[in-house]
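Below you'll find the structure, written out as structure tokens, and then a few comments.
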Amino acid sequence: MAPSLENLLVVGIASSALFDLSASDAVFHSEGEHAYRAYQEAHLDEPFAPGVAFPFIRRLLQLNSLGPLVEVIVLSRNSPDTGLRILRSAAHHGLTITRAIFTEGRAPHEFMPALNMSLFLSAHENDVRKATLAGMPAGQVLKSSFKDDDDPALRIAFDFDGVLADDAAERVYQSGGLDQFQEHEATNVVTPLDPGPLRNFLAGINRIQRQAENRIRVSVVTARSAPAHERAINSLKAWGLTVNDAFFLGGLRKAPILDVLKPHIFFDDQRGHLIQTVPCVHIPFGVTNET
């Protein structure tokens, strides 16, 4: 009997995030749906090349060598027939993805709660924003020049405010500036922030780390600095979550740190912090994404 999804970390992945669909997309946009269908049928046995989220998904699935820990489900706007190539490509690349939902244009995020998903990744901004507005944990995968490595361990990096935590503190900063933000965070240092969109995803990663600590390394890379760093640490403790590394940069650029960390995926709610040299995901949540 297949394991219950309630006991697993479940991640939804659009084909646009998992594979390089640039050639297929070009056909669709230049020649239309009929030509796209014909193109996919003609290239059915030609596997897609890995996309931006491929290194992350590959390592997640490899954790199942320790037992049933992770389920990755394809959520695709393709029709069932045009989606055949996606699962064939996954099998070609050794990805043990057996479940898929093909919606033929319908918003795929609607099925996230039914599948107990802690995360949905797509390259399509509109789908991700709709999911986020509906209160679901979703991120837009951006183009990247990252070259995968041979390290089997999975490296994940998160921003804090607007990603792991909600945007309450960020709203103080946006409205009152740095001094007011620091004063507010010092006053509320023992009061944990409310969880943000990816809090439950980190909780799932932590559960896996208890069985496979050396297979995953988690970092927080945030613009917070002392004394505001204490509330971030206290919030993680209150949620029962842990990270391996924390970088409190006080407004310094994140890019040099990320270039050293080389995460297989990095989540941030502000596009200005995302770079092309590592696989980055924009979380369109909170006050910084309201305009």
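The values are calculated or read from the model by the stated rules, or taken from the named source; none is laboratory data. Values in this document were obtained by computation on a predicted structure and should not be read as measured data. A quick note on method: Cβ atoms are made from the backbone with ideal geometry, for glycine too, and the neighbour counts reach across all protein chains shown. Side chains included, ligands, DNA and RNA excluded: accessible areas come from the protein's heavy atoms. Shrake-Rupley method; radii C 1.70, N 1.55, O 1.52, S 1.80 Å.
Some notes on this structure:
- Here is the figure for the stretch 4-58: residues that are open to solvent by less than 20 Å² (accessible area, probe 1.4 Å), aromatic (Phe, Trp, Tyr) and in contact with a helix residue (DSSP H, G or I) (Cβ under 7 Å, 6 or more places away or on another chain) total 3.
- Some residue of the stretch 100-108 being open to solvent by 50 Å² or more (accessible area, probe 1.4 Å), in a helix (DSSP H, G or I) and either modelled with pLDDT under 95 or touching a Pro at 6+ places or on another chain (Cβ under 7 Å) (or both): no
Quick grid of which residues meet (1) of a type in the set (Val, Ile, Thr); (2) closer than 23 Å to residue 137 by Cβ:
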position: 43; (1), (2): no, no
position: 57; (1), (2): yes, yes
position: 70; (1), (2): yes, yes
position: 90; (1), (2): no, yes
position: 93; (1), (2): no, no
position: 111; (1), (2): no, yes
position: 117; (1), (2): no, yes
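- Qualifying residue in the stretch 52-72 (condition: over 24 Å from residue 127 (Cβ atoms) and without any contact (Cβ under 8 Å) to a residue 40 or more places away in the chain): yes
- The stretch 173-189 - residue that is within 25 Å of residue 243 (Cα to Cα) and among the aliphatic types (A, V, I, L, M) and, of those, surrounded by the fewest Cβ atoms within 10 Å (Cβ to Cβ): 186
- Subset of the stretch 212-225 (residues that are open to solvent by 20 Å² or more (accessible area, probe 1.4 Å) and out of contact with any Lys or Arg (no Cβ under 9 Å at 6 or more places or on another chain)): 213, 214, 225
- When the stretch 19-45 is limited to residues that are among the charged types (D, E, K, R) and in contact (Cβ under 8 Å) with a residue 24 or more places away in the chain, the one that is nearest to residue 205 (Cα to Cα) turns out to be 20.
- Residue match in the stretch 159-178 (condition: on the phi > 0 side of the Ramachandran plot and free of Cβ contacts under 8 Å to residues at least 24 places away in the same chain): yes
- The residues in the stretch 256-286 that are surrounded by fewer than 18 Cβ atoms within 10 Å (Cβ to Cβ) and closer than 19 Å to residue 169 by Cβ can be counted, and the count is 1.
- Boolean, residue 209 is free of Cβ contacts under 8 Å to residues at least 40 places away in the same chain, open to solvent by less than 50 Å² (accessible area, probe 1.4 Å) and of a type in the set (S, T, N, Q): yes
- Any hit, the stretch 109-122, residues being out of contact with any strand residue (DSSP E or B) (no Cβ under 7 Å at 6 or more places or on another chain), in a loop (DSSP other than H, G, I, E, B) and either open to solvent by 20 Å² or more (accessible area, probe 1.4 Å) or closer than 23 Å to residue 58 by Cβ (or both): no
- Hits in the stretch 234-248 - residues which are under 17 Å from residue 185 (Cβ atoms) and surrounded by fewer than 16 Cβ atoms within 10 Å (Cβ to Cβ): 237, 238
- Flag if residue 63 is touching a Leu at 6+ places or on another chain (Cβ under 6 Å), of a type in the set (A, V, I, L, M, F, W, C) and not in a strand (DSSP E or B): yes
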